[in-house]
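Accompanying notes for the structure given below.
The values are calculated or read from the model by the stated rules, or taken from the named source; none is laboratory data. Given the structure is predicted, the values throughout are model-derived calculations rather than measurements. Methodologically, a virtual Cβ is constructed for each residue, glycine included, from the backbone with ideal geometry; neighbour enumeration extends over all protein chains shown.
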Amino acid sequence: MPIIHLPERRPHRFGLAALTGAAGVLCFAPFGLFWLAPLIWLGLFALLRRAETPREALLTGLVFGLGFFLFGVSWVYVSLSIFGGMPWWLAGPAAFLFCAVMALFPMLAGWVFKRWQPAGDCRQAIFFAILIALVDWLRSWIFTGFPWLAVGYSQAAPSPLAGFAPLLGVHGLSLLVALAGALLCRWRIGLGFIALLALSGFGLRQVAWTEPVGEAVSVALIQGNIPQEMKFRPEAFIRTLDLYRDLIAANPAQLTLLPETALPVFLDQVPPDYLEELKTLARRHDGDLIVGTVTGNVADAYYNSAITLGSAPLQIYSKQHLVPYGEFIPPGFDWFMKLADIPMSSFSRGPEKQPPLAVAGQQVAVNICYEDVFGEEIIRALPAAGILANLSNTAWFGRSLAQPQHLQIAQMRATETGRPMLRATNTGMTAIIAADGTVQAVLPPFTTGVLKGEVRAYAGMTPYTRFGNWPALGLMAALGLLALTGMRRRAA
């Protein structure tokens, strides 16, 4: 017996699909209603089952995706219009088009589900969950990847299901959440499965996959809160340098992190005496700084980089997963970038494999901006690195959902790897995240401040660190064989 009743008319069902998609964003930060996620995916599952043809299921998935992404990543418009300088009449359609492209993934899931829908409630639930997890995974690498708001991120700590992250990663969590929701079509089975997942996840949260090693180091994470419209202006350059120097001087630590492009010029354009002053400040505690800046030159190649200053020799990490349009121009889109005013939008990619930075007696794996969205890239630096560090500048997205969503993504990376994550951001959210994914401390966004604390490195390997997404994909394949037994094909 179904536990929800759907409208009879198709337009009403499409409207319900859009509202369900928009409500799905409530499962993620900053709202944090992780317990709502199974009900959201039950709603989509029920709508797809009610669809009469694959074409109707395709449209259902599309409008669900539009509701989900237009609400969840509306901050794309902010970056294009307010800070990118693009006129509103062009930024609006461009942001809508971006969300529409993202909506193609649930659209694909809807069409495939109805086209090859198996017999039986449980088989259909399994098939649905596999498709939802699979399109999330596809979204993580196709067109360079944009896995923002993958279903599994809704289950970052404090959700008990976060216990599965060191085993299956975020895409495995997407599978479990969608399956839990779809099985609610048989509510006794669904509730039992959710209870089993919650208890198992809670138990897995007690497993110490990694362990702390060595002594704790003091850390200072600088949040400069430089307005994006002022960040690259020459008249603000000296004030920016003075601000960071003063914050560093007033908050000594063994390891100090500054945000992405904290020094918003090429490294060789920074006054040498200023760099020497930063080195001296870092060496007060035999410590080091990690600072975001730009390396290289316009004539050959330039990189979005993090450099070290202090007791350790100079080391450089250069960002290797670049943001399309923001950091590199896809072929054929030069005309588009001429309509926007985005400084330094033609970065080169750094090497795929770069060693951790040896600073303050630790091995620190640095990632820049949204590189921490890609779990299988983060684990390349493991097991050598004992600490993860993210340098970001989300000022591009204004006062939006982007900052808390990004913090939640960082929580998932810490949980998957069993490593603490340090986040130094320009406008938020600067945070210290424990190895189990819980946020130990965080600065309020859009404030100038320094987050101080102590962090220990961790050693060891979680299953996800060893095998990446393969266990999750293997589980999808195994369940797929079960679900497709007795499948039937429907006409378009």
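Data table
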| item | result |
| --- | --- |
| Test for THR427: is it farther than 22 Å from VAL364 by Cα and touching a helix residue (DSSP H, G or I) at 6+ places or on another chain (Cβ under 6 Å) | yes |
| Cβ pairs under 8 Å, 6+ apart, first in the stretch 464-481 and within 11 Å of ALA165 (Cα to Cα), second small (Gly, Ala, Ser) and surrounded by fewer than 18 Cβ atoms within 10 Å (Cβ to Cβ) | none |
| Within the stretch 69-91, tally of residues that are within 17 Å of THR20 (Cβ to Cβ) and of a type in the set (Gly, Ala, Ser) | 1 |
| Subset of the stretch 255-278 [within 11 Å of ILE307 (Cα to Cα) and charged (D, E, K, R)] | GLU260 |
| Residue that is more than 28 Å from the chain's Cα centre (by Cα) and surrounded by fewer than 18 Cβ atoms within 10 Å (Cβ to Cβ), where the choices are GLY85, GLY15, GLY92, GLY32 | GLY15 |
| Residue within the stretch 251-268 that is on the phi > 0 side of the Ramachandran plot, in contact (Cβ under 8 Å) with a residue 60 or more places away in the chain and more than 24 Å from the chain's Cα centre (by Cα) present | no |
| Residues located in the stretch 35-66, provided they are among the aromatic types (Phe, Trp, Tyr), crowded, with 24+ Cβ neighbours inside 10 Å and closer than 23 Å to MET412 by Cα | TRP41 |
| Count of residues meeting criterion [among the charged types (D, E, K, R), in contact with a Gly (Cβ under 6 Å, 6 or more places away or on another chain) and in a helix (DSSP H, G or I)] in the stretch 237-293 | 2 |
| Helices (runs of 4 or more DSSP H) contained entirely in the stretch 1-120, each with at least 3 residues that are farther than 30 Å from PRO160 by Cβ and in contact (Cβ under 8 Å) with a residue 60 or more places away in the chain | 88-115 |
| Out of THR280, THR295, sole residue that is hydroxyl-bearing (Ser, Thr, Tyr), without any contact (Cβ under 8 Å) to a residue 40 or more places away in the chain and in contact with a Phe, Trp or Tyr (Cβ under 8 Å, 6 or more places away or on another chain) | THR295 |
| Any hit, the stretch 188-209, residues being aromatic (Phe, Trp, Tyr), at pLDDT 95 or above and within 21 Å of ALA109 (Cβ to Cβ) | yes |
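Conditions tested, residue by residue: (1) among the small types (Gly, Ala, Ser); (2) surrounded by fewer than 16 Cβ atoms within 10 Å (Cβ to Cβ); (3) closer than 24 Å to GLN363 by Cβ; (4) outside the structural domain of VAL217 (by TED's automatic domain parsing).
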{"site": "ALA253", "(1), (2), (3), (4)": "yes, no, yes, no"}
{"site": "PRO259", "(1), (2), (3), (4)": "no, no, yes, no"}
{"site": "GLN269", "(1), (2), (3), (4)": "no, yes, no, no"}
{"site": "LEU278", "(1), (2), (3), (4)": "no, no, yes, no"}
{"site": "ARG283", "(1), (2), (3), (4)": "no, yes, yes, no"}
{"site": "GLY287", "(1), (2), (3), (4)": "yes, no, yes, no"}
{"site": "ILE290", "(1), (2), (3), (4)": "no, no, yes, no"}
